Each structure stands twice: as C-alpha cells, then as structure tokens.
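The values are calculated or read from the model by the stated rules, or taken from the named source; none is laboratory data. Since the model is a prediction, treat every value here as computed from it, not as a measurement. In this analysis, Cβ positions are derived from the backbone assuming ideal geometry, glycine residues included, and neighbour counts consider all displayed protein chains.
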Amino acid sequence: MGKYDDIINLPHHVSKNHPQMSPENRAAQFAPFAALVGYAEAISASQEIKEDKKLLAEDKKQELEETLRYLNKGDYIEVKYYVANKKNYFIYKGYIKRIDQIDKLIIFDNRKSISIKDVIDIKLLSDEF
C-alpha cells in the first residue's frame with residue numbers, strides 16, 4: 001500500500017468560504033521575482049555611449065537663433081539637446097508653450113523645459129496628430 005492511497009481518489013476540495021482564485025492570479029504567484037528592482041535598467045544605462053558636448057559652429061548658432069525667433073506658441077517642434085549629467089544627446093518632440101528669453105528656456109505645453117544653450121538642433125514639424 002502506497003503513502004497516499006487513502007486520499008488519492010477523493011474529490012478536490014472546494015472552499016465554501018473563499019472563492020476560487022482565477023488562473024491569472026494563480027499564475028502570478030509563480031512569476032519571476034526581481035529582487036533588485038531597477039538593476040537591469042542601471043546596467044543598460046551604464047552601457048550607453050557617453051559623449052562630450054559638441055561645440056557649435058558660428059553659422060549653426062546663428063541658424064538656431066533665427067529659428068527661435070520665428071517659433072510661436074503652439075508650434076510642434078523636435079529639439080535635439082545635450083544633458084550634461086547624463087553626458088548624452090536626446091531628442092524631444094512637443095508643442096511650444098512659450099520661449100523664455102530671460103532664463104533662455106524653451107517651455108513646452110506639458111511644463112517640460114529645455115535650456116536654449118543645450119540645444120543643437122530644432123526642427124519645426126507639421127502637426128502629426
């Protein structure tokens with residue numbers, strides 16, 4: 001006689017007090033566990049190629065200044081800019097709320113702001129929405 005022969009053929013127990021767990025929730029119990037939250041992102045960020053800020057030629061600076069003069073509230077633009085603490089270039093697309101000439105900022109409708117001194121390229125885009 002085997003160890004579980006007395007219970008092997010009994011019907012599966014169903015609780016009268018607690019509802020059965022859905023298959024999705026049951027499966028979630030066995031999902032992989034990430035003990036180090038954010039570790040994978042930190043590793044991939046450390047593998048990014050870092051670069052120093054490029055100096056702009058005088059003609060490119062003048063082109064950017066002229067482009068900034070013609071931009072208006074509500075224009076949809078793409079800005080390529082440098083972030084010093086990340087030592088990398090980024091591209092941002094958004095609608096202009098205003099250009100702050102005092103603090104030298106491009107301020108977008110979602111309150112994001114980019115310093116004009118960090119901008120290396122601006123493109124006026126057609127409305128993509």
Taking the range 78-89 on its own, how many of its residues are surrounded by fewer than 14 Cβ atoms within 10 Å (Cβ to Cβ), of a type in the set (S, T, N, Q) and assigned to a strand (DSSP E or B)?
-> 0
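Within the range 115-129, can one find any residue that is part of a strand (DSSP E or B) and among the small types (Gly, Ala, Ser)?
Step one: of the range 115-129, the residues part of a strand (DSSP E or B) are 115, 119-125.
Among the residues that remain, those that are also among the small types (Gly, Ala, Ser) are: 115.
So far as the range 115-129 goes, yes, one or more of its residues are part of a strand (DSSP E or B) and among the small types (Gly, Ala, Ser).
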Restricting the first residue to the range 1-22 and requiring it to be of a type outside the set (Val, Ile, Thr), which pairs with a second residue that is at pLDDT below 90 and assigned to a loop (DSSP other than H, G, I, E, B) meet a Cβ separation below 9 Å and a spacing of at least six or different chains?
-> Gly2/Ile8; Gln20/Val14; Met21/Gln29
Condition met for Phe90 (under 16 Å from Leu125 (Cα atoms) and among the hydrophobic types (A, V, I, L, M, F, W, C)) = no
What number goes with the only condition from (1) at pLDDT 80 or above; (2) surrounded by 10 or more Cβ atoms within 10 Å (Cβ to Cβ) that Ala28 does not pass?
-> (1)
The condition from (1) in a loop (DSSP other than H, G, I, E, B); (2) within 16 Å of Ser126 (Cα to Cα) that Asp103 misses is numbered (2)
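Here is a yes/no grid of residues against (1) surrounded by 13 or more Cβ atoms within 10 Å (Cβ to Cβ); (2) in a loop (DSSP other than H, G, I, E, B):
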{"residue": "Leu56", "(1), (2)": "yes, yes"}
{"residue": "Glu63", "(1), (2)": "yes, no"}
{"residue": "Ile91", "(1), (2)": "no, no"}
{"residue": "Asn110", "(1), (2)": "no, yes"}
